[in-house]
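Novice: Quick one: the structure is below, and I'll ask about it shortly.
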Amino acid sequence: MAAPSPEDPSLERHFKGHRDAVTSLDFSLNTKQLASGSMDSCLMVWHMKPQSRAYRFAGHKDAVTCVNFSPSGHLLASGSRDKTVRIWIPNVKGESTVFRAHTATVRSVHFCSDGQSFVTASDDKTVKVWSTHRQKFLFSLSQHINWVRCARFSPDGRLIVSASDDKTVKLWDKTSRECVHSYCEHGSFVTSVDFHPSGTCIAAAGMDNTVKVWDVRTHRLLQHYQLHSAAVNALSFHPSGNYLLTASSDSTLKILDLMEGRLLYTLHGHQGPATTVAFSRTGEYFASGGSDEQVMVWKSNFDVVDYGEVLKVHRPPAPLATSSGNLPEVDFPIPPGRGRSQESVQNQPQEPTSMPQTLTSTLEHIVGQLDVLTQTVSILEQRLTLTEDRLKQCLENQQLIMQRTPP
């Protein structure tokens, strides 16, 4: 067998702590933390720094089905089979607020890019949008006719995409709350869906072992992959938009090169179904979870471009004709240094930088601290309400005793 190339993905860390299948994963903004949810009803927050103790958050009464960090990384949302959503402050105390979000299992939770709202999807066939502050219900989207497995905001927060066991993927306009389009090409339940980082495409995975990529403007099927030998359970786009990572019940992870329209790597690591995958926000790492209770962190290695810089400049997608098989043309953004000269990249108009980096990072820090403050206030409000309820009950009991006591 040939020795692995330095550009191949490599297993970096192996986290053990869950007592049942891992269902979901998400990296924090700075990649310092990795959250995982499990059928064991717990969340784990793992630290990427070696020799750091993980946090175990217990609170849900049943399996944790989904986890998602807020854009600032200062809050962590989780959904569960107990029909509730919890918003946690991911520190050693692990405090959280809880609310009943749906009338059945919550399958998916995802923050909007501005951090002001989040979307949930459920077995009650609905998609709901909530405000992050005080978890106020905003509106519901209810055209699916079976369980909704997944719902995601577009990068600009204007659209929502949802995937369901009714074999459809639906695209919604957040403002009008109307269903813009239904994609019906899947032959079975649709397990996972997400937006391409450019916001122009969506990818969906299905129980029919396929992955499909559509253009959200023309609604045209751009790419169709049938590479796994069992259900595809999850997918994640690399932040550059050039790669797609998938996890399957055939126990493998696959990395697809979307620019070439071909399979790049097949990774074997899990014993039994691979249930969830997630790229870090920079794309340097990705994580996978399985029914074997394992969480694995891999170093990407396969693309050495510093995507932290690429992502700061939003360029329009460049058209690319794929010659692989009979795949149609695809619109994907090409990063600098790939498929075109540096000179042509520099000639493209760039967004003017209006704020110094130090000011930007200071503002981001303030916003993050406000998130924590808001959440702390919410936790205190819940505790106060609980105390008031108990006090009211005590007074009522006291009155009953007084009435029963003979003069």
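The values are calculated or read from the model by the stated rules, or taken from the named source; none is laboratory data. Computed from a predicted model, the values in this text were never measured in an experiment. When we count neighbours, we look across all protein chains shown, and the Cβ atoms used for this are built from the backbone with ideal geometry, even at glycine. Surface accessibility is based on the protein's heavy atoms, side chains included, excluding ligands, DNA and RNA. Shrake-Rupley method; radii C 1.70, N 1.55, O 1.52, S 1.80 Å.
Novice: If you roll a 1.4 Å probe over segment 1-83 with all protein chains in place, what percent of the accessible area is carbon or sulfur?
Specialist: Values: 1980 of 3870 Å².
For segment 1-83, the apolar C and S fraction of the accessible surface comes to 51 percent.
Novice: Continuing with this model, one more query. Using a 1.4 angstrom probe, figure out how much accessible area segment 1-152 has per residue, in square angstrom, rounded to the nearest whole. Intermediate values should be presented prior to the final figure.
Specialist: Numbers: 6620 Å² over 152 residues.
For segment 1-152, the solvent-accessible area averages 44 Å² per residue.
Novice: What are the residues whose amide H is under 5 Å from the amide H of residue 159, where those residues sit 5 or more places off or on another chain and H is modelled from the backbone?
Specialist: Under 5 Å from the amide H of residue 159: 154, 174.
Novice: If you keep only loop residues by DSSP, which trypsin sites (Lys or Arg not before Pro) in segment 164-196 have at most 15 other Cβ atoms within 10 Å of their Cβ?
Specialist: Numbers: sites: 167, 170, 174, 177; in loops: 167, 174, 177.
Here the sparse-neighbourhood loop sites are 177.
Novice: Among all the lysines, which ones have a C-alpha under 21 Å from residue 170's C-alpha, if same-chain residues fewer than 8 places away are not counted?
Specialist: 125, 128, 212
Novice: Listed highest first by mean packing, meaning other Cβ atoms within 10 Å per residue, what order do 74-80, 10-16, 115-121 come in?
Specialist: Details: 74-80: 26.4, 10-16: 13.4, 115-121: 22.6.
With the highest mean Cβ count within 10 Å placed first, the list reads 74-80, 115-121, 10-16.
Novice: While we're on this one: Mind checking which lysines have their Cα closer than 17 Å to the Cα of residue 49? Skip sequence neighbours fewer than 8 apart in that chain.
Specialist: Filter leaves 16, 32, 299.
Novice: Quote to one decimal, in nm, the extra length available between residue 10 and residue 103 on full extension: 0.36 nm per residue of separation minus the C-alpha distance between them.
Specialist: Details: separation 93, 0.36 × 93 = 33.48 nm, distance 4.18 nm.
Computed gain between residue 10 and residue 103 is 29.3 nm.
Novice: Sorted by average packing, counted as other Cβ atoms within 10 angstrom per residue and highest first, what order do 60-66, 20-26, 133-139 take?
Specialist: Details: 60-66: 21.6, 20-26: 24.1, 133-139: 13.3.
Answer by packing, highest mean first, reads 20-26, 60-66, 133-139.
Novice: Out of 51, 162, 98, whose Cα points farthest toward the positive end of the dipole of segment 10-301 (charges: +1 Lys, Arg; -1 Asp, Glu; placed on Cβ)?
Specialist: 98
Novice: Rounded, prolate or oblate for segment 67-125? Axes are the square roots of the Cα gyration tensor eigenvalues, ordered a ≥ b ≥ c, and the cut-off for rounded is a/c under 1.5.
Specialist: Values: a/c = 2.64, a/b = 1.41, b/c = 1.87.
Oblate shape, in that a/c is at least 1.5 and b/c is the bigger or equal ratio.
Novice: OK, next. Using r as the Cβ-Cβ distance of residue 145 and residue 116, and R0 as 35 Å, what FRET efficiency do you calculate, to the nearest 0.05?
Specialist: Values: r = 30 Å, r/R0 = 0.86.
Efficiency at R0 = 35 Å is approximately 0.70.
Novice: Would you pull out the residues with amide H under 5 Å of residue 150's amide H, same chain only if 5 or more places away, H placed 1.01 Å from N?
Specialist: It is 163, by chain and number.
Novice: From the phi of every residue in segment 238-243, what ³J(HN,Hα) in whole Hz does the Karplus formula 6.51 cos²θ - 1.76 cosθ + 1.60 yield, where θ is phi - 60° and glycine or proline is x?
Specialist: 5, x, 6, x, 8, 10
Novice: Can you bin segment 166-261 into rounded, prolate or oblate? Criterion: square roots of the alpha carbon gyration tensor eigenvalues sorted a ≥ b ≥ c, rounded for a/c under 1.5, prolate for a/b above b/c, oblate for the rest.
Specialist: Numbers: a/c = 1.98, a/b = 1.33, b/c = 1.48.
It comes out oblate by the Cα gyration axes.
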